[in-house]
Amino acid sequence: GKMAQDMTEKELLKMELDQLKKEVKNERQMVSKTGKEIKEYIESMAGEDPLLKGVPEDKNPFKEKGGCTIS
C-alpha cells in the first residue's frame, strides 16, 4: 500500500473511517473490571513466567555454545 504521507486527505479520512467501523464492533468493558481480571491472570501465571523466574541454562536455546578469546 501507499505510505501515509503519499495519500490524499480523502484517502486518509477513508482509512480512518474504515478503522473506526472495525473498532465500533469491539465490546467495551470498564477498566476497573478488566484491570482487576488482568492483574489476577498475570499473578496466577507468574510461576510459569520465564521473564520473572529465568530460564535454566540447559533449556536456554540462546545460550552461547562457547566463548571467544581475543589474543
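With protein chains left intact and a 1.4 Å probe, residues in the chain average 104 Å² of accessible area per residue. A simple charge model with +1 on the Cβ of Lys and Arg, -1 on the Cβ of Asp and Glu and nothing else charged puts the dipole of the chain at about 180 debye relative to its Cα centre.
Ranking Ser44, Met15, Val55 by Cα position along the charge dipole of the chain, where only Lys, Arg, Asp and Glu carry charges on their C-beta atoms, puts Met15 farthest toward the positive end. Expressed as a whole percent, the accessible area of the chain that falls on carbon and sulfur atoms is 60 (1.4 Å probe). Normalising the Debye intensity of the chain to I(0), with uniform scatterers on Cα atoms only, and taking log10 at q = 0.18 Å⁻¹ returns -0.84.
The values are calculated or read from the model by the stated rules, or taken from the named source; none is laboratory data. Here the structure is a predicted model, which is why all the values come from computation and not from measurement. Cβ coordinates were reconstructed from backbone atoms using ideal geometry, including for glycine residues, and neighbour counts include every protein chain displayed. Ligands, DNA and RNA are excluded from the accessible area calculation, which covers all protein heavy atoms including side chains. Shrake-Rupley method; radii C 1.70, N 1.55, O 1.52, S 1.80 Å.
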